[in-house]
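Quick notes on the structure that follows.
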Amino acid sequence: METRAAVNRQVRFGTARLAPAPYHPTAWLLTVDGALQSYVDLADPTYLHMPYATWAARVLDLHWPTGRPVSALHVGGGGFSLPRYLAATRPGSPQVVHELDGPLVDLVRSHLALDAVPDLVVHVGDGERGIRRTPDSTADVVVMDVFRAGAVAIHLAAVEFLREITRVLRPGGLYLGNMWSAADMELPLRAAASLGEVFAHVVLLAEPGLLLGKREGNAVLAAADRELPREALTAWAKSTGDRVFCLSATQLAAFRGPAVPLTAEHPAGAVTPVPPWTR
């Protein structure tokens with residue numbers, strides 16, 4: 001039997017570690033400075049494992065007809081879990097990923113078969129610049145999943161940059177953003193308010209502990225200029241045993257209070273870093 005050994009490498013934003021995932025002989029965990037970035041199952045890219053990735057995939061699957069190819073633009077790559085999922089579930093989907101950490105891309109390419117993902121183009125460079133250079137109305141989906149040295153790249157959730165994303169999206173296109181949050185939820189609340197400035201429809205998915213202010217965690221934000229599948233998402237969330245909740249922007253503001261949108265004039269304060277991952 002082949003022995004799977006962990007790999008450590010210095011990358012742009014810290015020390016990356018690829019370690020065999022327990023219980024799944026073809027899966028790997030990617031951490032940077034101890035913060036869990038990605039879970040990749042090379043034999044089954046549809047098995048996402050990490051809750052926030054599963055939520056994002058569910059939104060996408062319900063927003064667009066099942067199996068239909070979509071043009072996707074990703075800012076942030078990590079282990080490229082969601083691009084792998086899209087390539088497997090929607091063959092023929094052209095995808096572009098902007099990832100700033102070149103050594104991390106090299107690590108994933110060397111050990112996680114990145115070049116085997118069909119219809120995927122990876123640009124090593126700044127995602128904000130990549131979005132601004134993208135022609136109008138060329139993407140069905142824009143995915144924002146950016147962490148630098150364990151911190152959320154919050155300027156990418158500001159109203160000014162979100163307007164660039166609406167320019168890039170085709171009519172009916174979908175925005176998906178993953179964000180780490182402290183228990184006070186200040187960042188996702190403000191990010192949801194920012195999305196509400198430029199999109200007609202916004203929802204947030206999060207675990208109940210975060211929504212109740214009891215613990216930190218991930219929040220997934222989705223937005224579009226057409227109705228999001230909120231009823232279907234709510235039904236799916238209930239089917240999980242309420243391990244995740246789906247709230248509209250209106251419900252979120254009523255539950256946790258209104259928030260000021262993120263803008264150049266009103267930026268975020270201190271950002272809580274993603275904590276080291278412990279098994």
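Need one number: convex hull volume per residue for the stretch 58-138, Cα atoms only, in Å³.
On the way: hull volume 7.2 nm³, N = 81.
Looking at the stretch 58-138, the number lands at 89 Å³ per residue.
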For this session: Over the chain, with every protein chain in place, what whole percent of the accessible area is carbon and sulfur at 1.4 Å, could you tell me?
Result: 54 percent
Seminar exercise, completed: If the chain between His123 and Lys214 were fully extended at 0.36 nm per residue, the gain over the current Cα-Cα distance would be 28.9 nm
Exercise. Quick one: if you stick a label point 7 Å off each Cα along the C-beta vector at Thr138 and Thr15, how many nm between them?
Worked result: 4.0 nm
Exercise. With Rg and the Kirkwood Rh both taken from Cα atoms, where does Rg over Rh land for the stretch 222-271?
Worked result: 1.08
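Calculated FRET efficiency, Ala116 and Arg226, Cβ-Cβ r, R0 25 Å, to nearest 0.05? Mind showing how you got there, number by number?
Working: r = 34 Å, r/R0 = 1.36.
Computed FRET efficiency for Ala116 and Arg226 comes out at 0.15.
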Exercise. Taking the alpha-carbon set of the stretch 114-235, what are its Rg and Dmax in Å?
Worked result: 15.0, 42
Problem set entry | At 0.692 mPa s and 37 °C, Stokes D of the stretch 1-45 from Kirkwood alpha-carbon radius, µm² per second | 299 µm²/s
For this session: Using a 10 Å Cβ count of at most 13 others and DSSP loop calls, identify the longest part of the chain lacking such GluC sites (Glu not before Pro).
Result: 3-226
Problem set entry | Isotropically averaged projected area of the stretch 48-192, using the convex hull of Cα atoms (one quarter of hull area), nm² | 8.5 nm²
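Using heavy-atom solvent-accessible surface (probe 1.4 Å) with all chains present, what is the largest-first order of Arg226, Arg256?
Heavy-atom accessible area, descending, gives Arg226, Arg256.
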Exercise. What is the Rg over Rh value, at two decimals, for the chain, using alpha-carbon atoms and the Kirkwood definition of Rh?
Worked result: 0.94
For this session: Note the angle between two axes, namely the Cα long axis of helix 186-198 and the longest principal axis of the Cα atoms of the chain, as a number of degrees from 0 to 90, rounded to the nearest 10.
Result: 70 degrees
Problem set entry | Calculated [θ] (222 nm, deg cm²/dmol) that DSSP helices of n ≥ 4 give over the chain, each run adding -39,500 (n - 2.57) | -8500 deg cm²/dmol
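Summing +1 for each Lys or Arg and -1 for each Asp or Glu, what net charge is found among the other residues whose Cβ lies under 13 Å from the Cβ of Pro45?
Surrounding charge for Pro45 is 0.
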Problem set entry | Gain in span if fully extended, Thr46 to Ala200, counting 0.36 nm per residue against the direct Cα distance | 52.4 nm
Problem set entry | Neighbourhood net charge (10 Å Cβ-Cβ; Lys/Arg +1, Asp/Glu -1) for Arg167 | 0
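The values are calculated or read from the model by the stated rules, or taken from the named source; none is laboratory data. Just so it is clear, the model here is predicted, and its values are computed rather than measured. Virtual Cβ from ideal backbone geometry, glycine too; neighbours counted across all protein chains shown. Note: accessible area is taken over every heavy atom of the protein model, side chains too, but ligands, DNA and RNA are not part of it. Shrake-Rupley method; radii C 1.70, N 1.55, O 1.52, S 1.80 Å.
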